[in-house]
Amino acid sequence: MDTERARPPAGKSPVTTADAPVDAETIRDTIITALSAGSRRIDIANLRRFEALLRSHIGLLIGPAREAADRLWHGKTEWPLQISRLDAIDQQLSESVAPHDQFAHLAQVQILARDCQWLFALCQAAER
C-alpha cells in the first residue's frame with residue numbers, strides 16, 4: 001500500500017482539544033500502520049490494540065471536529081456533509097465485531113483508520 005497517500009497532512013501546529021494538544025505524530029503513525037495492516041499478516045490481538053488506539057484518537061478528535069463543522073455556515077453544502085460524516089463516525093464507534101473474526105476486525109480497523117484520518121485533517125484545517 002502507498003503509505004504516502006494514506007498519510008494525513010503534516011502540520012507544525014498541533015491539533016488541540018479542550019484539555020490539551022493532541023499528539024499528532026502518534027495519531028499519524030497509528031493511522032498509517034492500521035491502514036497497512038491488510039498488506040501483511042497481523043494477529044487479532046494487534047488488531048484489537050489498533051482498534052482501541054483508533055477509538056481513543058477518534059474520541060479526542062470528534063469534539064473539536066464537531067466544533068469546526070458547527071462554525072461553518074449552515075447553508076453551505078459542506079456543512080450537512082460534515083455533520084453526516086460525523087454522525088456516521090459516532091455510529092461506527094458504537095458498532096462491535098465478532099470477538100474472534102479476524103477479517104471483521106481488520107475491516108473495522110481500516111474503517112476507523114479512515115475516519116480518524118478524516119477527523120485529523122478536519123481538525124488540522126480548523127486550527128489554521
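The values are calculated or read from the model by the stated rules, or taken from the named source; none is laboratory data. Values in this document were obtained by computation on a predicted structure and should not be read as measured data. All Cβ positions, glycine included, derive from the backbone under ideal geometry; neighbour counts span all protein chains shown. For the accessible areas, the whole protein counts, side chains as well, though only heavy atoms, and no ligand, DNA or RNA atoms are used. Shrake-Rupley method; radii C 1.70, N 1.55, O 1.52, S 1.80 Å.
General observations
- Every pair of residues 6+ apart whose Cβ atoms lie under 8 Å, when the first sits in the range 58-81 and is closer than 20 Å to residue 28 by Cα while the second is aromatic (Phe, Trp, Tyr) and open to solvent by less than 90 Å² (accessible area, probe 1.4 Å): 61/120
- Filtered residues of the range 84-101 (kept if aliphatic (A, V, I, L, M) and under 15 Å from the mean Cα position of the chain (by Cα)): 86, 88, 89, 93
- Members of the range 81-104 that are under 22 Å from residue 61 (Cα atoms) and open to solvent by less than 60 Å² (accessible area, probe 1.4 Å): 82, 83, 86, 88, 89, 92, 93
- Close Cβ contacts (under 7 Å, 6 or more residues apart or on different chains) running from residues in the range 104-125 that are under 21 Å from residue 22 (Cα atoms) to residues that are of a type in the set (A, V, I, L, M, F, W, C) and open to solvent by 20 Å² or more (accessible area, probe 1.4 Å) comprise 119/62.
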